[in-house]
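To start, the structure itself, in structure tokens.
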Amino acid sequence: MRKNHAVAVVRDMIEIVAIVAAGVWAFYVFAYENRIKPAMASPDVDVKASMTRLGEHNGLIAVNLHLQLQNVSSVNAHFLGLAVNVYGQRIVASNSPLFERPASSRYNFRGFFRAEPRVPVYGYAYVTNLGDPSSTQDTKLDPGNTIANDYTFYVPKGRFDLLTLGVQFPYTKFDDAGIPAHLAVTAQGEAHVVTTLSSKIDQYYVAPVTSLDVR
């Protein structure tokens, strides 16, 4: 009798442990993995771009700009704004090598060329209604989703040797971040999205994203 009772108790304990373990596993999978963990994650947006020379007409070179933004994270990415700037530069020869003394974390050597100051040649920018309630622009990327757009612009033939692209895109996972944003445009036409520093947002400025030889 005692032996049978002990076996029954052990069997009941094993069943209870199995039920508790199954409950813990279910909580981990459905609650933690699907809800808690994604809520704690930060958005991550990847930017890719390319510029292609299309042709020439009336002394102008037509260039196609393809821009793609992809949310590679598990949470939504809400944009406060976007600024795209294309710059033109002349590359000129140097009579002697330009040498920069190496620092502990950087080294730059340009053999027999130098780049003249860059000049804004094309750009567009906006802030969303998340950064400015008066804006009608709303840009959001769900996990895994992509925004891709193509634009055509023109530069004078023979004026520039190199075109480079810079992209700025502050974003947050919060749809009510309460962080104001506005546009700042320089006298030369370069645009930036200006926001206050906050742990709620990720500030990204990528330059150059891509470049194009237009000689």
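Observations on the structure shown:
- Peptides 125-138, 67-80, 169-182 ordered by average Cβ neighbours within 10 Å, highest first: 67-80, 169-182, 125-138
- Estimated at 0.36 nm per residue, the fully extended path between Asn64 and Asn108 surpasses their Cα-Cα distance by 12.8 nm.
- Take the Cα of Lys157, step 7 Å toward its Cβ, do the same at Val119, and the gap between the two points is 1.7 nm.
Taken together, the values in this text are just the output of simple stated rules run on the coordinates, not laboratory data. Worth saying up front: this structure is predicted, and the values here are computed from it rather than measured. We place every Cβ from the backbone using ideal geometry, glycine too, and count neighbours over all the protein chains shown.
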